[in-house]
Amino acid sequence: MIVSIDWLRDYVEIDIPLEELAEKLTIAGLECVLKETGKHIPQGVVVGHVVDKKAHPDAEKLSVCKVDVGTGDLLNIVCGAPNVEAGQRVPVATPGTRLTPDLEIKKVRLRGVDSVGMICAEDELGLGDDHKGIMVLPEDYEIGKAFSDYFPSSFVLDVDVTANRPD
């Protein structure tokens, strides 16, 4: 049986660490495992601000963007999304970020222009199926802040009633 900690808190006050709660329930005869759920945004994805957007000199469907990710330097990022515009807040995968086991973001040269990072769409972050364009974030998202901070984890208890407990 899966029990959401958030749901459980609607009914009882939990004033001990969740690991301790799972241990106490296990000692009482209910096998419990605490599991983290929610969206898992990769480390290295931060909130960026598109400061400037220009057409790529050698590719009709690409743009060259200057993106502020809170480090003090603007990143040069080549983007193929049709909806990217200057002034937007966007999720940016910085170099070294591993979006999938097969895709690590690195500095690359695309049609003669250096690109350092990637402005991400929903599906690239595992947040949905949309790949029509990049995600445009609300203006109150803080530049340079880890994008994962906007997707807090939640916890569930995986409870297994043991065979010696008929109730």
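The values are calculated or read from the model by the stated rules, or taken from the named source; none is laboratory data. This is a predicted model, so every value here is computed, not measured. Cβ coordinates were reconstructed from backbone atoms using ideal geometry, including for glycine residues, and neighbour counts include every protein chain displayed. Surface areas here come from the heavy atoms of the whole protein model, side chains and all, with no ligands, DNA or RNA. Shrake-Rupley method; radii C 1.70, N 1.55, O 1.52, S 1.80 Å.
Enumerate the calculated ³J(HN,Hα) couplings along the stretch 127-138 in order (Karplus 6.51 cos²θ - 1.76 cosθ + 1.60, θ = phi - 60°), each rounded to whole Hz, writing x wherever the residue is Gly or Pro.
Using θ = phi - 60°, the values come out as 9, x, 10, 6, 10, 6, x, 6, 7, 9, 9, x Hz.
For every other residue with a beta carbon closer than 15 angstrom to the beta carbon of Glu13, add +1 if it is Lys or Arg and -1 if Asp or Glu, then tell me the sum. Don't skip to the answer; put the middle values down first.
On the way: positive: Arg9, Lys24; negative: Asp6, Asp10, Asp15, Glu20.
Neighbourhood net charge equals -2.
Based solely on its DSSP helices, what 222 nm [θ] is calculated for the chain when runs of n ≥ 4 H residues each add -39,500 (n - 2.57) and the sum is averaged over all residues, nearest 500 deg cm²/dmol? Don't jump to the answer; show the numbers that get you there.
Working: 2 runs with 15 residues, N = 167.
Value at 222 nm, helices only, nearest 500: -2500 deg cm²/dmol.
Return one number: the angle in degrees, 0 to 90 and rounded to the nearest 10, between the long axis of the Cα atoms of helix 18-27 and the longest principal axis of the Cα atoms of the chain.
That helix lies at roughly 30 degrees to the long axis.
Given just the C-alpha atoms of the chain, how large is their convex hull per residue in cubic angstrom? Walk me through the numbers before you get to the answer.
Working: hull volume 26.3 nm³, N = 167.
In the chain, the Cα hull volume divided by residue count equals 158 Å³.
Going by average Cβ neighbours within 10 Å, how do the peptides 91-101, 121-131 rank, with the highest at the top?
91-101, 121-131
Please list the radius of gyration and Dmax for the stretch 24-115, considering alpha-carbon atoms only, with Å as the unit.
Cα radius of gyration and Dmax of the stretch 24-115 are 19.4, 68 Å respectively.
Here is the link list: Lys66/Lys145; Lys106/Lys132; Lys54/Lys145; Lys35/Lys145. Which ones come out longer than 21 Å on Cα distance?
Lys106/Lys132; Lys54/Lys145; Lys35/Lys145
In square nanometres and to one decimal, what's the mean projected area of the convex hull around the Cα atoms of the stretch 2-71? Don't skip to the end; give the middle numbers.
Working: hull surface 36.9 nm².
So the Cα hull casts an average projection of 9.2 nm².
Please list, in chain and number order, the residues 5+ apart from Thr97 or on another chain whose amide H is under 5 Å from its amide H, with Hs placed from the backbone.
Ile105
If you take the charge dipole of the chain about its Cα centre, with +1 on Lys and Arg Cβ and -1 on Asp and Glu Cβ, which of Val33, Gln43, Ala22 is farthest toward its positive end?
My answer, from the dipole projection, is Gln43.
Of the accessible area of the chain, with the probe set at 1.4 angstrom, what percent is carbon plus sulfur? Before the final figure, lay out each step's value.
Details: 5180 of 10190 Å².
Exposed carbon and sulfur together represent 51 percent of the surface.
Among 76-87, 15-26, 105-116, how do they line up from the highest to the lowest mean number of other beta-carbon atoms within 10 Å? Please list the in-between numbers first.
On the way: 76-87: 16.8, 15-26: 13.1, 105-116: 14.7.
Highest to lowest by the protection proxy: 76-87, 105-116, 15-26.
Using a 1.4 angstrom probe and counting only protein chains, how large is the accessible area of His40 in Å², to 10?
The accessible area comes out at roughly 120 Å².
Which whole-number value in Å² is the accessible area per residue of the stretch 14-167, probe 1.4 Å? Can you show the working numbers first?
Numbers: 8990 Å² over 154 residues.
Counting only protein heavy atoms, the per-residue value for the stretch 14-167 is 58 Å².
Hey, for a label at Lys145 modelled as a point 7 Å past Cα toward Cβ, could you say which residues of the stretch 99-120 have their backbone N under 20 Å away?
The answer is 119-120, whose backbone nitrogens lie closer than 20 Å to the label point.
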